[in-house]
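The values are calculated or read from the model by the stated rules, or taken from the named source; none is laboratory data. This one's a predicted model, so the numbers in the text were calculated from it and none came from an experiment. Here the Cβ positions follow ideal geometry from the backbone for every residue, glycine too, while neighbour counts run over all protein chains shown. Calculation scope for accessible area: heavy atoms of the full protein, side chains included, ligands and nucleic acids excluded. Shrake-Rupley method; radii C 1.70, N 1.55, O 1.52, S 1.80 Å.
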Amino acid sequence: MKKLYFILFLLIAFSTTAQKDSLARYSIKQLIEKSEKAYYSLDPNIKPYSDEIISRNPHDSIKAFAYNNIGDMYYGSIKNDYNKAIETIKTSLMYAKKSNNLYEIMRSLNGLVQMYAAINKNDQVLACINQIKYYTIKQTELESLMNGDNYSVMYSMVGNFKTAVKIRRKDIEKIDRYIVSHPYEKKEVIEALLKNKEFYASQLINHYNYQNKLDSAAYYIKLVKLLEKEGIHDMLGIWYQETFYFILRGQYDDAIAKIAASQEKYIKGSKIDTYQSLYYLAVCYNKKGEYAKSLAYCEQALDNKTIIRTFLNYELELYRLASQNAEKLGDEKTSAFYSKKFIEGSQKTNYAAKADFMAKLYKIDVIDPMNEELSHKSKTANRYALLGILAGFLAVAAIIWAVVKSKRDKKKFLAVMARFDQHEAAQKELPELEESEEIEEKENITEKPIAAIKNVTSAMSDEAEKNILKRFDSFERKQKFLSPDVSVSSMAIDFNTNVRYLSEVIKKHKNNNFNGYINDLRIDYIILKLKNQPEYSSYKIAYLAEECGFASHAVFNRAFVQRTGIAPSKFISYLKRDSSIIA
């Protein structure tokens with residue numbers, strides 16, 4: 001046994017020495033190039049490359065570069081050991097400050113911002129951001145454009161995409177203005193600026209995708225492709241942004257094809273890209289109705305899960321998707337298992353801490369600069385007093401308004417719940433619809449749809465009106481309104497009538513137009529789910545919207561407010577607070 005241990009020791013020592021000897025043949029410049037390539041491809045070899053650079057005792061700015069690569073990429077992204085990453089990046093920051101290299105200082109501080117954010121150390125995040133702002137002031141215009149301030153990614157990570165978009169569009173405008181106003185700038189400087197522009201544009205694709213602003217996302221996809229034609233190419237590519245874009249457009253086959261085409265160049269060998277691609281495949285096959293295939297990709301992704309520092313919680317989304325797939329396949333045990341995982345994961349998310357962090361970040365980015373500007377412009381103490389009185393008045397008014405609104409919203413909530421209690425009680429007293437009473441769905445289907453499309457103008461008979469009303473009852477009982485494809489034309493064909501007649505009956509008997517009628521049915525459906533199935537109150541608003549047939553999160557919000565008088569998030573918070581409401 002001792003001999004075996006000795007042999008293993010010799011083998012490890014030999015392999016370590018062999019690797020070190022193999023790296024010794026490279027110059028510092030070559031090692032930096034290899035390290036940069038490993039950084040973008042998430043290659044674990046980034047550590048031996050960087051270790052070799054450090055061992056040669058180079059200039060402090062190069063040491064800062066090497067330590068940052070080890071901390072940010074190796075410990076932060078590959079190992080997900082954030083405490084070790086922070087310790088290593090702090091060493092990088094020390095060498096960057098010693099060499100007074102502003103680029104490496106900003107790079108180290110931006111790395112620390114993301115590492116602290118990943119472990120919810122928000123005070124440290126804000127301290128680093130303040131340092132970034134201090135060094136930003138010390139930079140020249142060109143240095144500022146070259147170095148950037150990537151802490152703004154924090155806004156997108158917590159869902160404030162409007163601010164993230166504003167920052168990045170402003171960055172691109174600054175780069176464009178500088179290039180136009182400096183026609184004789186060095187070629188390598190212009191290329192570096194264009195690389196930053198490409199990076200900011202790729203971030204904007206994500207920001208617009210999350211807001212479902214697909215025309216804007218398409219614009220920046222085209223911009224990145226134009227830059228690629230000019231030789232400005234990001235090693236990470238924009239495959240996942242394009243895949244997400246295709247999914248949002250409902251082009252699931254295009255999304256699957258994009259993943260397949262990106263395997264060799266971008267995805268293969270990258271743990272993060274592999275995880276993302278498996279998640280997107282799970283989404284695509286779920287949307288295509290291939291639930292078994294989607295579930296398999298969910299489980300494969302969860303087996304390969306890693307932490308991705310972004311707004312989307314891939315792990316939670318995979319649990320939700322896996323539960324939904326299993327439910328569609330009739331596997332209640334698996335569905336319940338993943339549903340429990342989803343709820344447990346949701347409960348661990350500290351939303352209060354995120355909100356507190358965003359308030360403090362807003363103070364640093366907006367309130368503090370505004371106050372500083374006011375102090376410079378103020379001439380007398382009276383102005384400060386006036387501002388104080390005004391602020392106090394506004395604060396009191398805001399508090400009174402918030403209290404009044406809260407009481408009003410609570411009253412609306414209770415009224416909605418009372419209405420549903422009455423409705424449920426009435427439903428229990430109604431007799432079950434006998435099979436013999438079901439309306440013949442396909443009667444004269446070959447002739448009447450033509451009349452429906454042409455909107456014939458003849459008067460509707462009482463018998464025809466009664467028949468349409470019966471079909472409404474069947475339509476509502478079978479919950480056909482949950483289909484996202486339901487339209488007044490398709491409904492008219494289904495009812496064997498025409499659009500005009502159908503609209504007349506809806507207006508007369510439902511006191512609504514077609515869209516309002518369908519939206520009300522969908523909102524009532526999701527309120528019943530929230531009321532009777534507690535797990536629904538933990539789901540994301542976007543999922544609730546999709547569940548009841550809305551294609552857009554925004555349309556769902558508007559319809560919910562129109563139906564109940566309060567926002568869905570407020571409604572759910574009342575529901576959670578009043579446990580007596582939950583069945």
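General observations
- Filter result for the condition that a residue is open to solvent by less than 50 Å² (accessible area, probe 1.4 Å), modelled with pLDDT under 90 and under 20 Å from S144 (Cα atoms), over I190, I172, I167: I167
- Filtered residues of the stretch 464-473 (kept if without any contact (Cβ under 8 Å) to a residue 40 or more places away in the chain and open to solvent by less than 50 Å² (accessible area, probe 1.4 Å)): A464, I468, R471, F472
- Residues satisfying the stated conditions in the stretch 170-205, i.e. in a helix (DSSP H, G or I), of a type in the set (K, R) and farther than 20 Å from M106 by Cα: R177, K187
- Filtered by the rule that a residue be part of a helix (DSSP H, G or I) and open to solvent by 40 Å² or more (accessible area, probe 1.4 Å), the stretch 76-90 gives N83, K84, E87, K90.
- Residue match in the stretch 248-262 (condition: in contact with a helix residue (DSSP H, G or I) (Cβ under 7 Å, 6 or more places away or on another chain) and within 20 Å of S77 (Cα to Cα)): no
- The stretch 222-278, subset assigned to a loop (DSSP other than H, G, I, E, B) and of a type in the set (V, I, T), residue modelled with the highest pLDDT: I238
- Every residue from the stretch 68-88 that is without any contact (Cβ under 8 Å) to a residue 40 or more places away in the chain and among the hydroxyl-bearing types (S, T, Y): Y74, Y75, Y82, T88
- Reported count of residues in the stretch 242-287, each being open to solvent by 30 Å² or more (accessible area, probe 1.4 Å) and touching an Asp or Glu at 6+ places or on another chain (Cβ under 8 Å), is 4.
- Each residue in the stretch 497-550 was checked for being of a type in the set (D, E) and either over 28 Å from the mean Cα position of the chain (by Cα) or open to solvent by less than 20 Å² (accessible area, probe 1.4 Å) (or both), and 1 of them qualify.
- None of V165, V180 is in contact (Cβ under 8 Å) with a residue 40 or more places away in the chain and of a type outside the set (F, W, Y) except V165.
- Residue within the stretch 106-113 that is open to solvent by less than 80 Å² (accessible area, probe 1.4 Å), among the basic types (K, R) and under 26 Å from P58 (Cα atoms) present: yes
- S61, sole failed condition from (1) at pLDDT 90 or above; (2) crowded, with 19+ Cβ neighbours inside 10 Å; (3) under 28 Å from T140 (Cα atoms); (4) among the small types (G, A, S): (2)
- The residues in the stretch 534-568 that are assigned to a loop (DSSP other than H, G, I, E, B) and within 14 Å of M417 (Cα to Cα) can be counted, and the count is 2.
- Filter result for A292 (within 20 Å of I205 (Cβ to Cβ), open to solvent by 20 Å² or more (accessible area, probe 1.4 Å) and at pLDDT 95 or above): no
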